Amino acid sequence: MPSDNSHSAVSHKAAVIIRLEGVNKVYGLGETTVNALRDVNLTVNAGEYCAIMGASGSGKSTMMNMIGCLDRPTTGHYYLDGEAVAEMDDSQLAHVRNRKIGFVFQQFHLLSQVSALENVMLPMIYANVPAAERKERAIAALQQVGLGDRLNNRPNQLSGGQQQRVAIARAIVNRPVLLLADEPTGALDSKTTQEILEIFGNLNTKGMTVVMVTHEAEVARCTRRVIWFRDGQVIHENLKPEDLMQATF
Amino acid sequence: MDLVESVKMATATLTGNRLRSALTMLGMIIGNASVVAMIGIGEGAQRFAADQFKSLGPNVLFIVPGNDNARNRTLNIPKTLVLGDAKAIAEQVPSINDVAPQLQNQAPVVYGNKRKSTLVIGTTERFAIVRDYNVARGRFITQQEVQRGTPVAVIGSKLAETLFGTKNPLGERVRVRGLSFKIIGLLASKGSFLGNNQDDVLLVPLSTLSSRLTGRTSPYGVEVTFISVSAKDKSQMAAAKTQITNLLRLRHKIVTEDDFTVRSQDEALSIIGAVTGALTIMLVAIAGISLLVGGIGIMNIMLVSVTERTQEIGLRKAIGATQSDILIQFLIESIILSAAGGIIGIMIGAGTVVMVGVLTPLKSSVSMPAIALAVSVSGGIGVFFGVVPAQRAARLDPIVALRSN
Ligand SMILES: Nc1ncnc2c1ncn2[C@@H]1O[C@H](COP(=O)(O)OP(=O)(O)OP(=O)(O)O)[C@@H](O)[C@H]1O
Ligand SMILES: [Mg+2]
């Protein structure tokens, strides 16, 4: 357990954002069951910047879905920002996803028929934010990711990097406590990857807790903590990013 | 999420896919247009029939010989309606205004080298009043002429046009079966009744026709084809019918089956009403089936739409849409499709009804109940056929949905 609280300058004890206790996830029934997560125990504090790494099929996405409240553990407990989410029903989970979590996906997942601005306003519609405030906040979020001049463009009029920035703006616009990204740079070239990582870095500096899945050591090295998965288990929960080069798992 | 946002979202999706939305609405458009048109035209037909009967004269009862409802059909009931019956009714039935017996026969009417087979009606001076005919020129047959059997005639406007063209027929003579009649009056046009032109007639004194032309008499006196009676007012019709029936039963010494029938317009009208009503119901049923097909079309497209938009649904759920948010969004889409289709259909149907009213004698008009029916049915169809696709969308697992391609 990482007990140091070096990121928290003000309070001597950082708030715990993610706490997983003995989490298991089993897919399928009968003989073809897959233990996608096995007895995962993990704590992430407010303000941390983590990378989840591991071989393909090791359970990283399953883990992200779990902490993103898209899925519930088969057994075990999950506390998000102090709330026990494993026991919540579907609509409570939807509410938690809306208010507490921002998602960024590898394939961006923008609505193709509406503008960047409208894409970013979408989470606030589900949060019942008044229309005027919605627009204001969406513009601010797009400016934060450097797209203040692309408000009215549709996704197909934007580059991949720009689309991912719209997706980041959408993820942060409801002021979540946790920003999750599953291979956010997987579909981008190295230059655009750097731009996206810069945005994540800036958000984290301002206090946002960020957890991302990545295959690339380059990407992971921008974070401050690496969590390593193998066969559904956490085998290293606090690797130093700078040690990644010599680490081969 | 509030309803306004849901409606905006649904409209954006539907207008983003214009052609598909339009084609999906087509079923509803056709269904609603037919419902409104069918009901409007059906009601127009009923109104047309009612007006036709009014043209027979106000509060008229017809007494015809024979009895269609006789239980013993094998017994050939003698048709013995005679002039004396008409006189007795006029004298003894208190609830009536006037009586006009009529004896009629299809016969050729000749003028110069023109010849036209026409309904020649022998009647009395009361006929014009009972049957609501107006004389446009000249005068009607008088009581003296009926008593004396004078060979004079009043000509219908259609027959006059056929025989005389634009020439004034008054004072001219026409021949019917060798007998010459002097034209003393020209009737104002009355239009047709159920396809029979009421203006293609020649009216002559009943006595003239019976004694000199048909010669039809029975042991009881001069036989008539039927007797028209006008009741004092509408409320007296039933009384008049009973009184006439009783009187004629006495006169004809009837102990078992009547040998005559008293018919009122209302009865005939109710039969026609029943027929057109049944026709309307059938047409509406057909229109209803097309609404059903339209609804299934909507369901089909909505199911396709859910499949196509699986990723979008997953994304919406990932950023916080609840099951009911998704359900409502898809439900509103199908409701908009069916309601918009309904409204367009209603407008087309109403347009058709108005056009039919202008172009044909059917006095069709847009029926408000028909519109109410169409609106509620199409709204209901949107909900009914939208529920299954919307539920399918709402229940999608966000992880599976996001991963789908
Ligand atoms: N819905 C599912 N049903 C059954 N098995 C599943 C399901 N989702 C994932 N799995 C299995 O769980 C295991 C972990 O999958 P997961 O997607 O978490 O891997 P990953 O680490 O994200 O891999 P990659 O790096 O390729 O994205 C795999 O063996 C996978 O086949
Ligand atoms: Mg994965």
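Just a few scattered comments:
- A:Leu42 away from ligand 1 (no atom under 16 Å from the Cβ), surrounded by fewer than 23 Cβ atoms within 10 Å (Cβ to Cβ) and among the aliphatic types (A, V, I, L, M): no
For every residue, the table says whether it meets (1) within 14 Å of another protein chain (Cβ to nearest Cβ); (2) among the small types (Gly, Ala, Ser); (3) closer than 21 Å to B:Leu3 by Cα.
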{"residue": "B:Val353", "(1), (2), (3)": "no, no, no"}
{"residue": "B:Pro361", "(1), (2), (3)": "no, no, no"}
{"residue": "B:Gln391", "(1), (2), (3)": "yes, no, yes"}
{"residue": "B:Ala401", "(1), (2), (3)": "yes, yes, no"}
{"residue": "B:Asn405", "(1), (2), (3)": "yes, no, no"}
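- Odd one out for A:Phe229 among (1) outside any helix (DSSP H, G or I); (2) surrounded by 15 or more Cβ atoms within 10 Å (Cβ to Cβ); (3) more than 16 Å from ligand 2 (Cβ to nearest atom): (3)
- Some residue of the range A:161-180 being within 18 Å of A:Gly102 (Cβ to Cβ) and within 16 Å of ligand 2 (Cβ to nearest atom): yes
- Selected residue (only one of A:Leu117, A:Leu80, A:Leu142 is farther than 16 Å from A:Arg170 by Cβ and at pLDDT 95 or above): A:Leu80
- Of the residues making up the range A:178-192, those that are at pLDDT below 95 and either more than 16 Å from ligand 1 (Cβ to nearest atom) or more than 23 Å from A:Val44 (Cα to Cα) (or both) are A:Gly186, A:Ala187, A:Leu188, A:Asp189, A:Ser190, A:Lys191, A:Thr192.
- Some residue of the range A:63-77 being closer than 23 Å to A:Arg225 by Cβ, within 16 Å of ligand 2 (Cβ to nearest atom) and free of Cβ contacts under 8 Å to residues at least 40 places away in the same chain: yes
- Enumeration of residues in the range B:319-331 that are part of a helix (DSSP H, G or I), within 14 Å of chain A (Cβ to nearest Cβ) and among the hydrophobic types (A, V, I, L, M, F, W, C): B:Ile326, B:Leu327, B:Ile328
- Qualifying position, being within 16 Å of ligand 1 (Cβ to nearest atom), modelled with pLDDT of 95 or more and not hydroxyl-bearing (Ser, Thr, Tyr), among A:Ala51, A:Ala36, A:Ala55: A:Ala51
Residue-wise test of (1) over 30 Å from A:Met64 (Cβ atoms); (2) crowded, with 19+ Cβ neighbours inside 10 Å; (3) not charged (D, E, K, R).
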{"site": "B:Ile326", "(1), (2), (3)": "no, yes, yes"}
{"site": "B:Ile348", "(1), (2), (3)": "yes, no, yes"}
{"site": "B:Ser364", "(1), (2), (3)": "yes, yes, yes"}
{"site": "B:Pro369", "(1), (2), (3)": "yes, no, yes"}
{"site": "B:Phe384", "(1), (2), (3)": "yes, no, yes"}
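- Of all residues in the range A:186-224 being in a loop (DSSP other than H, G, I, E, B), closer than 23 Å to A:Gly57 by Cβ and in contact (Cβ under 8 Å) with a residue 60 or more places away in the chain, the one that is farthest from ligand 2 (Cβ to nearest atom): A:Thr223
- Listed by position, the helices (runs of 4 or more DSSP H) inside the range A:46-150 whose residues that are more than 8 Å from chain B (Cβ to nearest Cβ) and out of contact with any Lys or Arg (no Cβ under 9 Å at 6 or more places or on another chain) number at least 2 are A:60-67, A:90-100, A:131-144.
- Failed item in (1) loosely packed, with under 15 Cβ neighbours inside 10 Å; (2) aliphatic (A, V, I, L, M); (3) away from ligand 2 (no atom under 16 Å from the Cβ), with A:Val26 passing the rest: (1)
- Boolean, A:Gly161 is free of Cβ contacts under 8 Å to residues at least 12 places away in the same chain, in contact with a helix residue (DSSP H, G or I) (Cβ under 8 Å, 6 or more places away or on another chain) and either more than 14 Å from chain B (Cβ to nearest Cβ) or surrounded by fewer than 20 Cβ atoms within 10 Å (Cβ to Cβ) (or both): no
- The set of residues in the range B:3-38 that are of a type in the set (Ser, Thr, Tyr) and either within 14 Å of chain A (Cβ to nearest Cβ) or surrounded by fewer than 23 Cβ atoms within 10 Å (Cβ to Cβ) (or both) comprises B:Ser6, B:Thr11, B:Thr13, B:Thr15, B:Ser21.
- Just one of the listed residues (B:Ile313, B:Ile254, B:Ile244) is more than 17 Å from B:Ala10 (Cβ to Cβ) and modelled with pLDDT of 85 or more, namely B:Ile244.
- Within the range A:43-57, tally of residues that are of a type in the set (Ser, Thr, Tyr) and near ligand 2 (Cβ under 9 Å from one of its atoms): 1
To keep it simple, each residue is scored yes or no on (1) among the hydrophobic types (A, V, I, L, M, F, W, C); (2) over 19 Å from the mean Cα position of the chain (by Cα).
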residue	(1), (2)
A:Met88	yes, yes
A:Ala94	yes, no
A:Gln106	no, no
A:His109	no, no
A:Lys135	no, yes
A:Ile139	yes, yes
A:Leu142	yes, no
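- Yes/no for B:Thr310 being out of contact with any strand residue (DSSP E or B) (no Cβ under 9 Å at 6 or more places or on another chain), under 22 Å from B:Asp2 (Cα atoms) and among the hydroxyl-bearing types (Ser, Thr, Tyr): no
- Every residue from the range B:83-119 that is among the acidic types (Asp, Glu) and in a helix (DSSP H, G or I): B:Asp85, B:Glu91
- Flag for B:Ile336 being within 23 Å of A:Asn128 (Cα to Cα) and away from chain A (no Cβ under 14 Å): yes
The values are calculated or read from the model by the stated rules, or taken from the named source; none is laboratory data. In this text, all values refer to a predicted model and were calculated from it rather than measured experimentally. Because the Cβ atoms are built from the backbone with ideal geometry, glycine has one as well, and the counts that use them run over all protein chains shown.
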